[in-house]
Amino acid sequence: SFFLFVLKLHSDLDKGVGTVKYTLSGDGAGTVFTIDETTGDIHAIRSLDREEKPFYTLRAQAVDVDTKKPLEPESEFIIKVQDINDNEPKFLDGPYVASVPEMSPVGAYVLQVKATDADDPTYGNSARVVYSILQGQPYFSIDPKTGVIRTALPNMDREVKEQYQVLIQAKDMGGQLGGLAGTTTVNITLTDVNDNPPRFPKSIFHLKVPETSLVGSAIGRIRAVDPDFGKNAEIEYNIVPGDGGNLFDITTDQNTQEGIIKLKKPLDFETKKVYTFKVEASNLHLDHRFHSVGPFKDTATVKINVLDMDEPPVFSKPMYTMEVYEDTPVGTIIGAVTAQDLDAGSSSVRYFIDWKSDVDSYFTIDATEGTIATNELLDRESTAQYNFSIIASKFSNPLLTSKVNVVINVLDVNEFPPEISVPYETSVCENAKPGQVIQTVTAVDKDLSPAGQRFSFRLSAEASNKPNFTVHDYRNNTAGIETRRNGYNRRQQELYFLPVVIEDSSYPVQSSTNTMTIRVCRCDSDGTILSCNVEAIFLPVGLSTGALIAILLCIVILLVIVVLYVALRRQKKKDTLMTSKEDIRDNVIHYDDEGGGEEDTQAFDIGALRNPKVIEDNKIRRDIKPDMLHFPRQRPPVEDNTDIRDFINQRLQENDVDLTAPPYDSLATYAYEGNGSVAESLSSIDSLTTEADQDYDYLSDWGPRFKILADMFGEEES
């Protein structure tokens, strides 16, 4: 709150007459420290905090008042801030949480705490901290220098007290009077150890169980108490061997740690009414440090009273298996089932088949005797086994029923002969040697072969005398086809048919003859088949496959060339014909129907072929001699057809304005000559020449075929 004198600066050149001026610069000059320019006294003008800045570096200089020039070089000095005890110790990590196992010995390590003092540790005792416990004694202690917390009492039991709260104090100045102090809280938990064995709350447990209880069902629960926690409280239950213990089993419920007693075998009140046995409970995880306490297990007695219940009938067997031959007559008895009422007041039993398991009603059962008989003809090849259920009910209480499974196996009657499985076709090389196996065959039988049945193989009687192939029976239900000749020739015979007879060993014996096809093939020296085709027989022996392919390819190419040539010739001929048909410059019109000869002049109108200027009114027949000669009468010229002219002009205009029209001229041909033709018409249709102007003498020069025609026109001319 007032200026504090720190030090005084003085130059030897200062004579005290006011000619020297003192200046100050550096850390805090003018803000923290000031200097008297005349006397050189330095004062602190505000409070200092060593924890904020422990020292200041300043520079001082003496300057001439008049010339402003330094009288001496600049001097540097350091002002250190002296520490005082103004900061208390602080626990930066508090509050603390720690744990220690229960039953730990004295001095067991718990936790180490640490307090920090901001004061200068090198000056005095301001930063010297001492630890102590304000709350938590006498259970725990703390080292005053290191702050390590340890247990102070032995055998602290978690089951008695689990949580402890300890108040720790840290004081500076070495704990002396006037020192500053800070506190923190440490929460200590005792962790569990297996120091307690399980104990049954009572020595005997009574259970009542109905005799109808199902095997595997839970019939009761017992429990042992263990004050420990977690895995140290896990209990295992076991039945001590003794009276009735083999009928029951016990397991542990992991959630409740109870012992669940289950039934291993069915109970029967009429056989035994009471069962007594002992159950032992023990810990799974033991701690060797506490073995001296005693055995970590306990024993209790369990007494089970069986309650009498009205029970359903009981079958004499858990399952019945029967056998019957296929095709057995309907109504044949194949077996029987038996059930009894074991209750004190025995009741009669009735039997019936569960219709859900025998929908087709292949079997029937006698309701009183329990005998099973066939109701349909059975076929093993269709169904080899039948599985259905039979229900037995008490006559006195039909609701009490029991069920048993019945399996009926249909025995086979040897109906079908054996056959070759695969294959029916094989091959043999031309260079095969005698005794070479070319195929191994097996047999199959549609009948169900009993154990020990065997198939035998042999050649048929008609094939035994032929020296080509033979059958070697290996007597293990297989046989080998062996060659008997030294080589085969495909050109002489390509296919061989080998009849093989196969017999089974059932009764009655069934046999069949199976014909195998053996094809002769060309092979290399190693026996690898090269070709089995029929066409290959007639080719030279030395001709390779590549050569055959080349020959076939050439033939195909020649055929294609011939086909293309013929197609082109036909197309060219067709184009010529079409061109001749479309050429109408000679005003020739083609019709698809045949006329009636020269006498038929009314078949069609030839007016379209005539020039409008030259039209004959008289139609003169040219096949008979006319009575008188009529010359055609000249008509005045006919004007052009207006409709045709308009049509041509219209089409001409359309093509002139059509942008898509081809850039070339198109010739249109019409069936009449125009008026302005200089050459006039060359057609004989419009000729004015009559038949009288014709000379038919040249017909006589054409030979005997035209003799009749020449005579006809010669007579007309004469």
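The values are calculated or read from the model by the stated rules, or taken from the named source; none is laboratory data. A quick note: this is a predicted structure, and the numbers were derived from the prediction, not measured. Methodologically, a virtual Cβ is constructed for each residue, glycine included, from the backbone with ideal geometry; neighbour enumeration extends over all protein chains shown. We work out accessible area using only protein heavy atoms, side chains counted, and drop any ligands, DNA or RNA first. Shrake-Rupley method; radii C 1.70, N 1.55, O 1.52, S 1.80 Å.
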Accessible-area value, TYR362, 1.4 Å probe, nucleic acids and ligands omitted, Å²: 60 Å²
Derived scalar couplings ³J(HN,Hα) [the stretch 252-266; Karplus, 6.51 cos²θ - 1.76 cosθ + 1.60; whole Hz; x for Gly, Pro]: 9, 7, 5, 7, 9, 6, 9, x, 9, 8, 10, 8, 8, 10, x
Residue-normalised accessible area of the stretch 419-531, given per residue in Å² at a 1.4 Å probe: 55 Å²
Set of lysines with alpha-carbon distance to LYS80 below 24 Å, sequence-local pairs under 8 removed: LYS8, LYS53
For the stretch 204-307, accessible area per residue (1.4 Å probe, heavy atoms of protein chains only), Å²: 54 Å²
Proximal lysines to LYS356, defined as alpha-carbon separation beneath 29 angstrom and excluding residues fewer than eight positions away on the same chain: LYS317, LYS394, LYS403
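Filter the cross-link list LYS208/LYS265; LYS273/LYS297; LYS208/LYS278; LYS208/LYS272; LYS262/LYS297 down to pairs whose alpha-carbon distance in this structure exceeds 23 Å.
On the way: LYS208/LYS265 16 Å; LYS273/LYS297 30 Å; LYS208/LYS278 16 Å; LYS208/LYS272 13 Å; LYS262/LYS297 21 Å.
The pairs that break the limit, which is 23 Å between Cα atoms, are LYS273/LYS297.
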Relative intensity, log₁₀ I(q)/I(0), of the stretch 314-411 from a Debye sum that treats every alpha carbon as a point, q = 0.12, 0.15, 0.18, 0.21 Å⁻¹: -0.38, -0.57, -0.79, -1.01
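Leaving out ligands and nucleic acids, and using a 1.4 Å probe, what accessible area per residue does the stretch 4-80 come to in Å²?
On the way: 4810 Å² over 77 residues.
Heavy-atom accessible area per residue stands at 62 Å².
Which FRET efficiency, nearest 0.05, do LYS466 and THR517 yield, Cβ-Cβ r, R0 22 Å?
Values: r = 15 Å, r/R0 = 0.69.
In this case the efficiency is close to 0.90.
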Overall dimensions of the stretch 204-307 as given by Cα atoms, namely Rg and Dmax in Å: 15.1, 52
Cα centroid separation, the stretch 416-478 to the stretch 135-175 (Å): 99 Å
Solvent accessible area, Å² - ARG46, 1.4 Å probe, full protein context: 120 Å²
The stretch 48-110 and the stretch 187-259: distance between their alpha carbon centers, rounded to Å: 67 Å
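Carbon and sulfur atoms: what percent of the 1.4 Å accessible area of the stretch 314-411 do they account for?
53 percent
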Interchain or long-range residues, amide H under 5 Å from LYS278's placed H: VAL240, VAL302
For the stretch 653-658, Karplus couplings with θ = phi - 60° (6.51, -1.76, 1.60), whole Hz, Gly/Pro x: 5, 4, 6, 5, 8, 7
Amide H partners (placed H, <5 Å) of SER531, local residues excluded: ARG522
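Tally up the carbon and sulfur contribution to the accessible surface of the stretch 131-194 as a whole percent, 1.4 Å probe, everything protein left in place. The partial results should precede the final answer.
Values: 1530 of 3120 Å².
In the stretch 131-194, the share of accessible area belonging to carbon and sulfur is 49 percent.
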Anisotropy class of the stretch 92-155 from Cα gyration tensor, a/c 1.5 cut: prolate
Cα-based equivalent ellipsoid of the stretch 4-80: semi-axis lengths in Å, sorted from largest, via gyration tensor: 25, 12, 9
HN-Hα J in Hz across the stretch 508-517 - Karplus 6.51, -1.76, 1.60, θ = phi - 60°, x for Gly and Pro: x, 5, 10, 9, 8, 9, 10, 8, 9, 9
Share of carbon and sulfur in the accessible heavy-atom surface of the stretch 52-113 [1.4 Å probe, %]: 52 percent
